[in-house]
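Working notes for the structure below.
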Amino acid sequence: MPTTGNLTEYILSRNEEQSQAFCTASARLSRTTYRAKHPTEFAALKCMDGRLHLAVYTQTPPGIIQPFRNIGGKFDLGWPLFAESIKSWVNYCTQKGRRCVFLVTYHYSRGSQNRGCAGWGFDTESAKASAVRLATQIEEVFGTNPRVVYPVLMGMETDHEALVLHGKTGQVLDLSTTSVEKLESMVHELYPDMDDELIRDFMPLLQGNIAHISDVGRSNRPPIDMEHREQIIAVGRGFDWLHIPNKALIIGPYSHEWPDAVATAGKIIVGNLDANRIPRESGVLLLVAALSRDEVGSFGWNLMKEKARYLEVVCRNVLSERVPQLNGHVTTLAGVTFADTRKFHVVSNR
């Protein structure tokens, strides 16, 4: 287990590796080729859980599916900060002449309730009901005729890394029990108001998941152990590269109550320390990021630097006042992630 300083170095090293992999010529060409064939944009509204890596689940190039992450996958379009993020993403898509699909997700484990969603107290039905409400909100806000923005309610079964689709009239399609040959006709049945272009662009994700499920089955690997061992509190956006199970608690600062989630994360980590799941000498890292689509040095970029600084101050105050057991254990790394490269640019390291 790394020491506090080495934990910071580990995170910066991982970001550097992930950014370099994302920016190779072959990776860029792969994304460009994929988008030329399948121009529909996809976003995933999902939990902070590090197991939920949709690029891996669907065997699509990294960067095709835009993630929005929060504890429990809890979102509400009434939250001003979340609403602005969604508005910005939809405008980005439509200005490029692309329609967009929101994958509105919840997650669970088939083999053990305790490997389910801790953000919902392992209550899958409550998690699903929240996702249903969010999908309904998206339709109410963006309309249904014509279909420019389309929400898809989707379960993520983490033992087999399988997607479970919920249709418009209550049908459920578990891709772990579906063949590729029957898939397209079933998707038409699930989503009778999804036109051929959207279905054409949706199919590679679903076909990729069927292939991935088969790969997981052949590997005979056990389900990922979900005993809490987190030692990183990650707050903000721009963590596409931080898919590490049991390492980080990721909080999207979307609702007015987001500082409460920071305090909750701090208390979880105190529990990890007290139970010796992580050694005290390893310390705790507060990782703060703002996401920028604007170039380094532009006023948009500079605004994101200020946002990162603001989030850092709020988080440090919350942890100091509401989780004093962590005082002396926390170091901070704050910065801006450039969307085009996934490179994390340090603003503060203390």
Inset, instruction - Could you calculate the contour length gain from D274 to E181, that is, 0.36 nm times the residue separation minus the distance between their Cα atoms, to one decimal place in nm? - result: 28.3 nm
Inset, instruction - Consider all pairwise Cα distances in segment 187-244 and report the whole-number % of them above 13 Å. - result: 76
Inset, instruction - Could you bin all the Cα-Cα distances of segment 7-134 into 5 Å bins starting at 0 and give me the percent of pairs in each, rounded to whole numbers? - result: 2, 9, 15, 18, 18, 17, 13, 7, 1
Inset, instruction - Using R₀ = 41 Å, calculate the FRET efficiency as 1/(1 + (r/R₀)^6) where r is the Cβ-Cβ separation of Q59 and V132; round to 0.05. - result: 0.90
Legend entry - Percent RCO, i.e. relative contact order, over the chain, from Cα pairs under 8 Å lying at least 6 residues apart: 18
Legend entry - Label-point separation in nm, E17 to N349, each point 7 Å along Cα→Cβ: 1.8
Legend entry - Calculated diffusion of segment 165-215, Stokes-Einstein form, Kirkwood radius summed over Cα pairs, 20 °C and 1.002 mPa s, µm²/s: 192
Inset, instruction - Can you tell me how much longer the chain between S320 and D196 gets when fully stretched, taken as 0.36 nm per residue apart minus their C-alpha distance, in nm with one decimal? - result: 39.3 nm
Legend entry - Kirkwood-based Rg to Rh ratio, segment 24-91, C-alpha trace: 1.02
Inset, instruction - Calculate, axis by axis, the spread of Cα positions in segment 271-318 along the three principal axes, and write the results as whole Å, longest axis first. - result: 45, 20, 14
Legend entry - Cut-off 11 Å (backbone N to label point 7 Å along Cα→Cβ of A27), residues of segment 42-74: 62-63
Inset, instruction - Calculate for the chain the 222 nm mean residue ellipticity that helices alone would give, adding -39,500 (n - 2.57) per DSSP H run of length 4 or more and normalising by residue count, nearest 500 deg cm²/dmol. - result: -14000 deg cm²/dmol
Legend entry - Over 29 Å between alpha carbons, listed pairs K128/K182; K168/K267; K46/K307; K37/K343; K74/K247: K168/K267
Inset, instruction - Work out the length of the dipole vector of the chain about its Cα centre, built from +1 on the beta-carbon of each Lys and Arg and -1 on the beta-carbon of each Asp and Glu, and round it to the nearest 20 debye. - result: 640
Inset, instruction - Treating cross-link reach as a plain straight distance, find the aspartates and glutamates whose alpha-carbon is under 17 Å from the alpha-carbon of K305, omitting any fewer than eight places away in the same chain. - result: D294, E295, D340
Inset, instruction - Treat every Asp and Glu Cβ in segment 1-131 as -1 and every Lys and Arg Cβ as +1, leave all other atoms uncharged, and give the resulting dipole magnitude about the Cα centre to the nearest 20 debye. - result: 540
Inset, instruction - Take segment 141-236, compute every pairwise Cα distance, and split them into 5 Å bins from 0; I just need the percent in each bin. - result: 2, 11, 19, 19, 15, 11, 10, 7, 4, 0
Legend entry - Residue (of N246, P259, S214) at the positive-pole extreme of segment 213-264, dipole from beta-carbon charges: S214
Inset, instruction - For segment 120-201, state which trypsin sites (Lys or Arg not before Pro) are in a DSSP loop and have at most 15 other beta carbons lying within 10 Å of their beta carbon. - result: K168
Legend entry - Estimated dipole of segment 153-264 in Debye, rounded to 20 [Cβ of Lys and Arg +1, of Asp and Glu -1, Cα centre]: 360
Legend entry - Residue (of Q171, P146, M194) at the positive-pole extreme of segment 136-203, dipole from beta-carbon charges: P146
Legend entry - Top of K307, K267, K87 by mean-square fluctuation, Gaussian network on the chain, Cα under 10 Å: K87
Inset, instruction - Using only alpha carbon pairs under 8 Å that are at least six residues apart, calculate the relative contact order of segment 229-304 and give it in whole percent. - result: 40
Legend entry - Unmatched cysteines, the chain - criterion: no other Cβ of a Cys under 4.7 angstrom: C23, C47, C117, C315
Legend entry - Rounded to whole Hz, the Karplus (6.51, -1.76, 1.60) HN-Hα couplings of segment 124-137, x for glycine and proline: 5, 5, 5, 4, 5, 4, 5, 5, 4, 4, 5, 4, 5, 4
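Laboratory data are not the source of any read-out in this text; all were calculated from the coordinates shown. A quick note: this is a predicted structure, and the numbers were derived from the prediction, not measured. Heads up, the Cβs are rebuilt from the backbone with ideal geometry, glycines too, and the neighbour counts pull from every protein chain shown.
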